[in-house]
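Report on the structure given below.
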Amino acid sequence: MDVVVTGTRASIPIEKLSSSVKVIDSLELEQLNGVSIGDKIKNSTGLSLRSYGGNGALHSVSFRGLGSDYSLILIDGQRFTTYQISTVDVGIFQANEIERIEVASGGSSSQYGADAVGGVINIVTKRPDGHWFVSLSNTLGSYGLSGFQVSAGGGDEAFSYRGGIDLKRGANAFRFHFDDGTGVQTLRRNGADYVMRNYSFSASSIFTDDVAAHYIVRYSNADRGQPAAVTNSHQNNQGRINDHDLFMNSTTEIRLLEEMLLTLPVAYHYNRQTFFDPDASTIGNTVKSYYENNILGVSPLFRYSVSEEHYIVAGAELSRASINSNEVFPSHREQTSGFISSEHHFRLLTDFILFPSVRFDSFSDTKGDISPKIGINIGVLDIPSVRIRASYGKNFRVPTFNDLYWISGGNPKLTPERSRNFDAGLIAGIQSDEIDASVELTYFSIDAADKIVWRPVSGTIWSPVNLQSVTSKGFEGSAKLNLWKNLLIVSYSHNILRTRKTSEDFPGDAAKNKFLPYVPKEFSSFTLGTAWESLSANLTYSFTGFRYETSDNNPRFFLPTYDNIDANISYGFAAAGYSFRVRAEVNNLGNTDILLIRGYPMPLCNYSVTSTVSL
């Protein structure tokens, strides 16, 4: 099974962790439909994707029934999520130059601090290996989709590098069905065009046998139409949103002793977003806003192997974040954090692993917290491997800059939201030359308090308060079977959720003990694939249960269940020293009416074809 770092900050096999982590490796990334991070992770166990349309629209992810602002996004272990809204648009983050994605369900504040309440997504970039290569790709597809991608790299043992450019655009006037109450019409979305540019560069330097460094730079620009909700057959969408995003990280690794490793990462994240809509207004003014975020941080990490059975990881994080906007008061946040975690193997009647960890976070503009966590993993059988695992911990989310400093309604008296997370389950697997099979079952329970809710205070002015309590409980199950070295690959996941508001916003609140809006009670996916020599093919079926639209769970207002089928096939061959590959994919093969958010339709059946040549 895969070895991951998310969850403990130390390399450890998945089956020996105390909580669930899914790894989407480079092979699976190529087999999945779509090009963005959101496309690649949308069917992961415990995770749901919320989309406001097709390609180019806002895509956010949420874990275990909680909102997207309870999900922490990392790049190579460093925070990518900003403090403005705590939500990352994974729809514009392209998957080129990505080695793997680690999706860790459950609270991880004891390792990563604020906002790691529902789960953590760690995007691990490709590292150069010194081999020279060039790869060119071209994509054509439905609704004016076109794209161009180039990747190249080279170097030697002392210094190696690689980089990539990914350009995509589309008119995105996709077909969808609209029901106005008297009948169903087929319409075309307008104002949803997009142009997305992604650039990446990474390099590795080996100075001595004990000192090495790795550098990455990622820049993206997305210029997109931002169409409003569809409420009738007439559309006149003129809203536009533009994102500039720059992420840089330099990591130096120093081997102090054979059993001691010091890692020194320095990360910088710049994000600027502008939004303009001549048809929208706030307090009589046309909406024309901008948000500029900066985060600079250093997070030294010390790993010490006491023995083969005992491992210690300790670290600190120092960062400064700031925002400049015409809708948020200019503000900054300084963070000072420290944490320690360890891994202890005990050879009792069976293999018993203990994972204690604790972290302290302090912020200059809001309260911090202490986040302890304890986890266990117990071996039951060796062949087949069967292990039981469980974890319990405290987690928190800090108020965002929008919450605290919004010019027309921010509340600087807000305190962090807090939660207690518990999960337990088992993981079983068997491996041989002919078969690789695994099964995971997990029960989880999350109790969140002091949840921040925006509510009206006067006229059109809204303001946030620490008000709600929420519980989310459920079961997650997944299974994967790989026969004859990828000749037949079958995977299945099923999720059962019960996420409720357990507090009253006011006496007699009808939403108390009701399910949260837009959170499905049940969703699942099934994938059947094959990779034989130069041919691969994959078929994915997904199901999403009905969702209430209102907080009081009025049965008249709900989003219906839907099924979706995606498929792809690719073939590669070599000639004259070049490698060629052609890939075709179809999304929404059944022409299903997919509605994730009321008023924001998804495309009906659409396709794309990508051809690649490599040297």
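Does Asp369 qualify as being under 20 Å from Asp447 (Cβ atoms), in contact with a strand residue (DSSP E or B) (Cβ under 7 Å, 6 or more places away or on another chain), acidic (Asp, Glu) and in contact (Cβ under 8 Å) with a residue 24 or more places away in the chain? When the stated conditions are applied, Asp369 passes them. Summed over the range 137-162, the residues that are in contact with a strand residue (DSSP E or B) (Cβ under 6 Å, 6 or more places away or on another chain), in contact (Cβ under 8 Å) with a residue 24 or more places away in the chain, closer than 18 Å to Ile216 by Cβ and surrounded by fewer than 17 Cβ atoms within 10 Å (Cβ to Cβ) give a count of 2.
Within the range 117-133, residues that are over 11 Å from Ile101 (Cα atoms) and in contact (Cβ under 8 Å) with a residue 40 or more places away in the chain sit with their Cβ atoms under 6 Å from residues that are among the aliphatic types (A, V, I, L, M) and buried (at least 16 other Cβ atoms within 10 Å of the Cβ), at 6+ positions apart or across chains, in these pairs: Gly118/Leu66; Gly119/Ala104.
Take the residues in the range 289-307 that are aliphatic (A, V, I, L, M) and surrounded by fewer than 17 Cβ atoms within 10 Å (Cβ to Cβ); name whichever of them is nearest to Thr400 (Cα to Cα). Checked the range 289-307; the qualifying residue nearest to Thr400 (Cα to Cα) is Leu296.
Every condition in (1) farther than 25 Å from Phe506 by Cα; (2) under 22 Å from the mean Cα position of the chain (by Cα); (3) not in a strand (DSSP E or B) holds for Asn402 except the one numbered (1).
Could you list, in sequence order, the residues of the range 153-185 that are under 19 Å from Arg598 (Cβ atoms), in a strand (DSSP E or B) and hydroxyl-bearing (Ser, Thr, Tyr)? Passing the criteria: none in range. Selection of the range 499-516 for residues being of a type in the set (Lys, Arg) and either surrounded by fewer than 15 Cβ atoms within 10 Å (Cβ to Cβ) or part of a strand (DSSP E or B) (or both) yields Arg500, Lys501.
This table checks each residue for (1) out of contact with any His (no Cβ under 6 Å at 6 or more places or on another chain); (2) under 24 Å from Ser337 (Cα atoms); (3) without any contact (Cβ under 8 Å) to a residue 24 or more places away in the chain; (4) surrounded by fewer than 21 Cβ atoms within 10 Å (Cβ to Cβ).
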position	(1), (2), (3), (4)
Lys394	yes, yes, no, yes
Glu417	yes, yes, no, no
Arg420	yes, yes, no, yes
Arg455	yes, no, no, yes
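Under the condition of being outside any strand (DSSP E or B) and at negative phi, the residues counted in the range 112-128 number 8. If only residues of the range 184-221 that are among the β-branched types (Val, Ile, Thr) and either without any contact (Cβ under 8 Å) to a residue 40 or more places away in the chain or under 16 Å from Ile123 (Cα atoms) (or both) are counted, the one that is surrounded by the most Cβ atoms within 10 Å (Cβ to Cβ) is Ile216. The residues on offer are Gly34, Gly54, Gly46, Gly91, and the sole one that is surrounded by 24 or more Cβ atoms within 10 Å (Cβ to Cβ), at pLDDT below 90, farther than 18 Å from Tyr518 by Cβ and among the small types (Gly, Ala, Ser) is Gly54.
With a requirement of 1 or more residues that are more than 16 Å from Ser110 (Cα to Cα), under 23 Å from the mean Cα position of the chain (by Cα) and not polar (S, T, N, Q), the strands (runs of 3 or more DSSP E) lying completely within the range 270-371 that satisfy it span 285-298, 310-325. Does the range 577-589 include one or more residues that are of a type outside the set (D, E, K, R) and modelled with pLDDT under 90? Yes, the conditions are met somewhere in the range 577-589.
Going through the range 457-498 one residue at a time, which ones are in contact (Cβ under 8 Å) with a residue 60 or more places away in the chain, more than 20 Å from Ser525 (Cα to Cα) and assigned to a strand (DSSP E or B)? Residues satisfying the conditions are Pro464, Val470, Ser472. Note on the range 88-111: residues that are touching a helix residue (DSSP H, G or I) at 6+ places or on another chain (Cβ under 8 Å), in a loop (DSSP other than H, G, I, E, B) and closer than 16 Å to Gln31 by Cβ total 1.
Does the range 84-95 contain at least one residue that is among the small types (Gly, Ala, Ser) and in contact with a Ser or Thr (Cβ under 6 Å, 6 or more places away or on another chain)? Yes, that holds for at least one residue. Can you spot a residue in the range 356-368 that is within 26 Å of Leu497 (Cβ to Cβ) and either in contact with a Gly (Cβ under 9 Å, 6 or more places away or on another chain) or crowded, with 19+ Cβ neighbours inside 10 Å (or both)? No: the range 356-368 contains no residue that is within 26 Å of Leu497 (Cβ to Cβ) and either in contact with a Gly (Cβ under 9 Å, 6 or more places away or on another chain) or crowded, with 19+ Cβ neighbours inside 10 Å (or both).
The values are calculated or read from the model by the stated rules, or taken from the named source; none is laboratory data. Quick caveat, the model's predicted, so the values are computed rather than measured. Here Cβ is always computed from backbone atoms with ideal geometry, including for glycine, and neighbour counts include all displayed protein chains.
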